[in-house]
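Q: Got a structure for you, questions after.
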Amino acid sequence: MRYLTIPPPPSLALYVRSFWVLEGEASAQTPYIYRSYADGCPELICHYKGRFNEITPNCILSSPLFHLHGQSQHYRRFITTEDFSIFGVYLYPFAIPLLFGIPTYETSNQAPDWETLVNNDNRYLEEQMMFAETNHQRLQLLSNFLQQRLSKQFVPHLGILTSIKQVLFDAETRNVSLLADTYSLSVRQFERRFKEYSGFSPKLYTRIARFQHSLKLGNSRQPLTHIAHNCGYYDQSHFIRDFKAFSGHHPKTYFGGHAEGAEYMSAT
């Protein structure tokens with residue numbers, strides 16, 4: 001398996017966390033199951049080789065080849081029985097209103113396909129991404145699309161964008177009143193705008209951000225109490241509860257290196 005991340009150009013760094021490529025092998029005899037975890041940031045995903053199907057409690061659903069995987073508070077499972085290659089772009093959530101003209105919360109826990117997102121505008125991009133000869137070409141195609149869309153839009157309240165990033169990158173940030181005061185907004189105004197551009201309430205978003213922060217510790221050999229403390233949890237029980245809700249795994253399973261669908265995190 002091969003996993004590669006590509007930093008965005010400076011012109012897109014405000015809205016794009018990274019571009020990425022995931023390639024792997026699978027077959028009917030050795031299927032690959034990928035598990036997506038709760039995440040406060042959405043992704044545009046292009047399956048240009050192979051296809052994944054989503055495993056749900058009641059059935060197997062075919063996933064779109066080119067779609068948005070919205071910011072999510074749930075984990076999801078996907079399976080493929082063929083070799084696969086995926087190109088994606090990891091966005092900040094406040095890019096959604098600027099790219100597609102809808103509040104971010106409308107894509108929370110959703111995975112709309114490309115046609116739904118853009119209607120008849122830019123539908124050609126899907127075909128170009130699928131048939132591009134190299135990932136460098138795919139990078140240029142997506143970068144051009146993002147730059148064209150974002151350059152035409154009015155940047156929203158900069159304080160909201162900054163506060164979302166603050167929550168994402170500082171596991172200790174959780175005081176909504178303090179955040180609202182910092183950006184000269186009432187708590188009610190802050191909560192409304194935060195949800196519009198992040199997809200979730202500040203309280204839920206901080207929980208997801210803390211969970212994501214814990215994932216970055218990798219296969220840590222620290223005791224769970226230390227991991228919980230380093231990620232801003234009040235105690236180990238809250239950490240375990242959130243980790244299981246957002247990943248479907250007990251943290252011991254994940255940090256022990258036995259988590260389903262996490263192989264790509266150590267792949268290069």
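Q: What is the spin-label model distance, in nm, from His136 to Ile102 if the labels are put 7 Å beyond Cα along the C-beta direction?
A: 3.6 nm
Q: Continuing with this model, one more query. Please state the shape class of the stretch 123-226: rounded when a/c is under 1.5, otherwise prolate if a/b exceeds b/c and oblate if not, all from the C-alpha gyration tensor.
A: oblate
Q: In terms of Cα to Cα distance under 27 Å, which lysines are near enough to Lys252, apart from those fewer than 8 places away along the same chain?
A: Once the sequence-local lysines are set aside, what remains near Lys252 is Lys203, Lys216, Lys244.
Q: Dipole of the stretch 88-197, Cα-centred, from +1 at each Lys and Arg C-beta and -1 at each Asp and Glu C-beta, to the nearest 20 debye? Show your work: numbers first, answer last.
A: Numbers: 10 positive and 12 negative charges, 75 e Å.
Charge dipole of the stretch 88-197: 360 debye, to the nearest 20.
Q: Here's something else I'd like to know. Evaluate the relative contact order of the chain (contact order divided by residue number), counting alpha-carbon pairs under 8 angstrom at least 6 apart; express in whole percent.
A: Numbers: 463 pairs, mean separation 57.0, N = 268.
Worked out over the chain, it gives 21 percent.
Q: Under a point spin-label approximation (7 Å from Cα along Cα-to-Cβ), what is the Glu127-Ser85 distance to one decimal in nm?
A: Using points 7 Å along Cα→Cβ, the separation is 2.0 nm.
Q: Given 0.36 nm per residue, what is the gain on full extension from Lys203 to Ala13 after removing their alpha carbon distance, in nm? Please report the intermediate quantities before stating the final value.
A: Numbers: separation 190, 0.36 × 190 = 68.40 nm, distance 2.57 nm.
Gain in length upon complete extension: 65.8 nm.
Q: For a Förster distance of 35 Å, can you work out the FRET efficiency between the beta-carbons of Thr116 and Leu158, rounded to the nearest 0.05?
A: On the way: r = 29 Å, r/R0 = 0.84.
Plugging the Cβ-Cβ distance into 1/(1 + (r/R0)^6) gives 0.75.
Q: Within the chain, which is the longest segment containing none of the chymotrypsin sites (Phe, Trp or Tyr not before Pro) that sit in a DSSP loop and have at most 12 other Cβ atoms within 10 Å?
A: On the way: sites that count: Phe154, Tyr234.
Longest site-free region, per DSSP loop and neighbour criteria: 1-153.
Q: Among Tyr205, Thr116, Pro93, which residue has its Cα positioned farthest towards the positive end of the charge dipole of the stretch 92-212, with +1 placed on the Cβ of Lys and Arg, -1 on the Cβ of Asp and Glu, and the dipole taken about the Cα centre?
A: Of the candidates, Tyr205 comes out farthest on the positive side.
Q: While we're here: Shape of the stretch 178-252 from its Cα gyration tensor (a ≥ b ≥ c, root eigenvalues): rounded if a/c is under 1.5, otherwise prolate when a/b > b/c, or oblate? Each step should come with its number before you reach the end.
A: Working: a/c = 2.91, a/b = 2.22, b/c = 1.31.
Note, shape of the stretch 178-252 comes out prolate.
Q: Explain nothing, just the number: dipole magnitude of the chain about its Cα centre with +1 on each Lys and Arg Cβ and -1 on each Asp and Glu Cβ, in debye rounded to the nearest 20. Working shown, then result.
A: Working: 25 positive and 23 negative charges, 156 e Å.
That gives a dipole near 740 debye.
Q: Helix-only mean residue ellipticity at 222 nm, the chain, DSSP H runs n ≥ 4 weighted -39,500 (n - 2.57), per residue, nearest 500. What is it?
A: Only helices count here, giving -11500 deg cm²/dmol.
Q: Quick one: dipole size for the stretch 187-235, taken about the Cα centre, charges +1 on Lys/Arg Cβ and -1 on Asp/Glu Cβ, in debye to the nearest 20. Don't skip to the answer; put the middle values down first.
A: Details: 9 positive and 3 negative charges, 29 e Å.
In debye, rounded to 20, the stretch 187-235 gives about 140.
Q: Sticking with this structure for a sec: Under the 0.36 nm per residue contour assumption, what length would be gained going from the current alpha-carbon distance of Asn230 and Thr56 to full extension? Provide the component values of the computation, followed by the final result.
A: Details: separation 174, 0.36 × 174 = 62.64 nm, distance 3.33 nm.
Gain on stretching Asn230 to Thr56: 59.3 nm.
Q: By the gyration tensor of its Cα atoms, with a ≥ b ≥ c the square roots of the eigenvalues, what is the shape of the stretch 29-181: rounded for a/c under 1.5, prolate for a/b over b/c, or oblate?
A: Values: a/c = 2.12, a/b = 1.32, b/c = 1.61.
Oblate is the answer for the stretch 29-181, as a/c is 1.5 or above yet b/c matches or exceeds a/b.
Q: OK, next. Using a 7 Å offset from Cα along Cα-Cβ at Ser151, what residues in the stretch 1-29 end up with backbone N under 19 Å from the label point?
A: 8-16
Q: DSSP loop trypsin sites (Lys or Arg not before Pro) in the stretch 31-130 with at most 13 other Cβ atoms within 10 Å of their Cβ, which ones?
A: For trypsin sites (Lys or Arg not before Pro) across the stretch 31-130 that sit outside H, G, I, E and B with at most 13 neighbouring Cβ atoms in 10 Å, the list reads Arg123.
Readers should treat all values here as calculations from the given coordinates under stated rules, not as data from a laboratory. Not measured: the values here are computed from a predicted model. Reconstructed Cβ throughout: ideal geometry from the backbone, glycine too, with neighbour counts over all protein chains shown.
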